[in-house]
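Read the structure below first, then the notes.
Each value in this text was obtained by applying a stated rule to the coordinates, not by laboratory testing. Nothing here was measured: the structure is a model prediction, and the numbers come from that model. A quick note on method: Cβ atoms are made from the backbone with ideal geometry, for glycine too, and the neighbour counts reach across all protein chains shown.
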Amino acid sequence: MLYPCNLGISLYLNFSESLVENLTENINLAFDSFFYNIFVSNWSMDLKDLLLFGREEPKELNVKLKETVLIYPTDLFYKSLKKVQNLRYLLPLKLGITHLPLYSSTKKNLIFLYGEAHINHKLAVVSTYNLRDLQTNLPKDHGILEKRIVKESIHEIGHLILGNNHCINPDCVMNYSRDLGKVDDKSRFPCNSCNEKLEEIRENYNF
Ligand SMILES: [Zn+2]
Ligand SMILES: [Zn+2]
């Protein structure tokens with residue numbers, strides 16, 4: 001891995017311009033000078049094409065005994081992202097964002113993830129599904145959903161750069177968020193101690 005580098009973001013399904021601006025601006029602030037460029041692309045194929053990447057089928061799950069939801073393995077997204085990464089070798093780090101609910105392909109009991117990172121392959125995925133407030137049905141405030149997507153995206157990119165560990169500082173973007181309250185309470189930026197680690201990487205790579 002060589003820094004600085006380019007970052008690729010694949011959006012699965014439709015997202016607003018403001019989310020794209022919000023994401024790129026805040027990723028650049030959080031990881032100052034780590035990325036030459038952030039390339040955002042829309043996944044234009046439909047779900048059937050995405051499913052071609054998976055060995056695992058989506059699982060059917062009964063949620064609250066009323067509705068059945070299909071949840072998708074993270075592996076599906078890693079494979080699809082890997083393909084783009086291979087085609088465009090200028091994108092050593094890749095993040096996918098989807099509206100679909102996810103379960104972890106490696107830890108199958110982890111369901112409805114906010115996100116997951118595949119450190120070895122430098123791939124990460126964020127799901128907006130559970131970042132929406134389904135329980136309380138808050139007024140459809142896109143602002144708050146966007147903030148959550150930005151924080152969890154920065155969190156997963158942080159894993160790709162800093163590794164698997166979570167930060168114990170509850171204000172830090174690298175803190176593990178158990179629920180939406182925790183997501184809302186934390187900052188979208190790394191704390192001083194995480195910033196020191198980022199600074200070490202900058203020094204190692206001389207940028
Ligand atoms: Zn994490
Ligand atoms: Zn931290």
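Based on the Cβ-Cβ distance of Tyr176 and Lys48, what FRET efficiency does E = 1/(1 + (r/R0)^6) give at R0 = 25 Å, to the nearest 0.05? Write out the running numbers ahead of the final one.
Details: r = 34 Å, r/R0 = 1.36.
My answer for the efficiency is 0.15.
Indicate, rounded to the nearest 5 percent, the antiparallel portion of the DSSP beta bridges found entirely in the range 5-166.
35 percent
Under the rule of at least 5 residues apart or a separate chain, name every residue whose amide H is placed under 5 Å from the amide H of Tyr176.
Result for Tyr176 returns Cys167.
For the residues Leu7, Leu61, what sequence is obtained by ranking on other C-beta atoms within 10 Å, fewest first?
Leu61, Leu7
Provide the per-residue ³J(HN,Hα) series for the range 105-114, in order, calculated from phi with Karplus coefficients 6.51, -1.76, 1.60 and θ = phi - 60°, each as a whole number of Hz, with x at glycine and proline positions.
6, 8, 10, 5, 7, 7, 10, 6, 5, 6
How far is it, in nm, from the label point at Asn169 to the one at Thr106 when both lie 7 Å from their Cα along the line to the Cβ?
In this crude spin-label approximation the distance works out to 2.5 nm.
What is the sum of charges around Arg202, taking Lys and Arg as +1, Asp and Glu as -1, for the other residues whose C-beta is under 15 Å from the C-beta of Arg202?
Details: positive: Lys197; negative: Asp32, Glu196, Glu199, Glu200, Glu203.
Here the charged neighbours net out to -4.
Using only helices, what value at 222 nm comes out for the chain when you add -39,500 (n - 2.57) per DSSP H run of length 4 or more and divide by the total residues, to the nearest 500 deg cm²/dmol?
-11000 deg cm²/dmol
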